[in-house]
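Peer 1: Dropping a structure here in structure tokens format, bear with me for questions.
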Amino acid sequence: MMNNVKIKKIIKSMLLFIFIDLAVFASGCTEKNLTAEDIATQMLEKQDSIQDYSYTMHSTYYAGEKTIETEFKTIYKKPHMIKNFIQEPGKEEETLVLSDGEFRWTYTPGTNTVTKTKLPKTPELTKSDYMTLIGISLNDSNVSLLGVEEINNRETYLLKASPKETVESAAQYYAKVWVDKETWMPLKYEMYDNSGNRTAKTEIWDLKVNSGIPDSEFVFNIPEGAEIKTTS
């Protein structure tokens, strides 16, 4: 049975590969051998052109014959506005987490509870921040192009990311990622263990980029009768 610690490790690993692969996606290149600097430069250029996006992320985690499914809906707008709906395994209700740039609001419908947290002043990531993080990530991974495939009527590049050095550990893994040619965003990614068994699959549905999301989307309206907790 897969416990919460293992699930968190898988999610962390997936996010690492997603970050690496996004850098490749943004480059618009199909070369198999790109330097970290090339990728970082192209990624920064692509990031500058993205003002907002929204999608639904559906993830499945495999533990033998048992599977655990989660769903996550997100709406984002620069510089610091984000709205997430999170559905945990075994629960029908969705937890809302909304950041309006000044406060983070978390609403749990089951208990009709709102938690309000003051956000710290967070500047946009700088070129140095991106370069450092991407450089560290790419030093540990190889990224290669496997081919072109169609996902939900969209043409995608299929890439593979794997550790550069072989480590004798059950935690060793690799990832496959399907990248939309039009938006350079991932539409699907899968994680595999060192025996080639799929451990997790994530699909991106209803992806929209630069659709002109209004600021009003990030205004939090306190539900009637909700208990409000304020944290610093």
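Peer 1: For region 68-95, which residues satisfy the criterion of being hydrophobic (A, V, I, L, M, F, W, C) and under 25 Å from residue 214 (Cβ atoms)?
Peer 2: 72, 75, 81, 82, 85, 86
Peer 1: Out of all the residues in region 40-84, which are touching an Asp or Glu at 6+ places or on another chain (Cβ under 7 Å), at pLDDT below 90 and of a type in the set (Val, Ile, Thr)?
Peer 2: 70
Peer 1: I'm trying to understand the selection: among the residues of region 175-194, which are open to solvent by 50 Å² or more (accessible area, probe 1.4 Å) and at pLDDT 85 or above?
Peer 2: Correct list: 176 only.
Peer 1: Pairs only if they're at least six apart or on different chains, beta carbon under 6 angstrom, first in region 194-215 and assigned to a loop (DSSP other than H, G, I, E, B), second of a type outside the set (A, V, I, L, M, F, W, C); list them, first residue then second.
Peer 2: 194/172; 210/51; 213/52; 213/77
Peer 1: Let me ask something else about it. If residue 131 passes every condition in (1) at pLDDT 80 or above; (2) over 22 Å from residue 181 (Cβ atoms); (3) surrounded by 15 or more Cβ atoms within 10 Å (Cβ to Cβ) but one, which one does it miss?
Peer 2: (1)
Peer 1: Same structure, new question: Between a residue in region 59-84 that is within 17 Å of residue 216 (Cβ to Cβ) and in a strand (DSSP E or B) and any residue that is polar (S, T, N, Q) and open to solvent by 50 Å² or more (accessible area, probe 1.4 Å), which pairs come within a Cβ distance under 9 Å, given they are 6 or more apart or on different chains?
Peer 2: Between residues of region 59-84 that are within 17 Å of residue 216 (Cβ to Cβ) and in a strand (DSSP E or B) and residues that are polar (S, T, N, Q) and open to solvent by 50 Å² or more (accessible area, probe 1.4 Å), the close pairs are 77/51.
Peer 1: So, residue 203, is that one within 22 Å of residue 57 (Cα to Cα), in contact with a strand residue (DSSP E or B) (Cβ under 8 Å, 6 or more places away or on another chain) and at pLDDT 90 or above or not?
Peer 2: yes
Peer 1: Additional query: Would you check if there is a residue in region 134-151 being in a loop (DSSP other than H, G, I, E, B) and modelled with pLDDT of 85 or more?
Peer 2: Looking for residues that are in a loop (DSSP other than H, G, I, E, B) and modelled with pLDDT of 85 or more, one finds none in region 134-151, hence no.
The values are calculated or read from the model by the stated rules, or taken from the named source; none is laboratory data. Remember, predicted model here, so these are calculated numbers, not experimental data. Cβ sites come from the backbone with ideal geometry, for glycine too, and all protein chains shown count toward neighbours. What goes into the accessible areas is simple: the full protein's heavy atoms, side chains included, and nothing from ligands, DNA or RNA. Shrake-Rupley method; radii C 1.70, N 1.55, O 1.52, S 1.80 Å.
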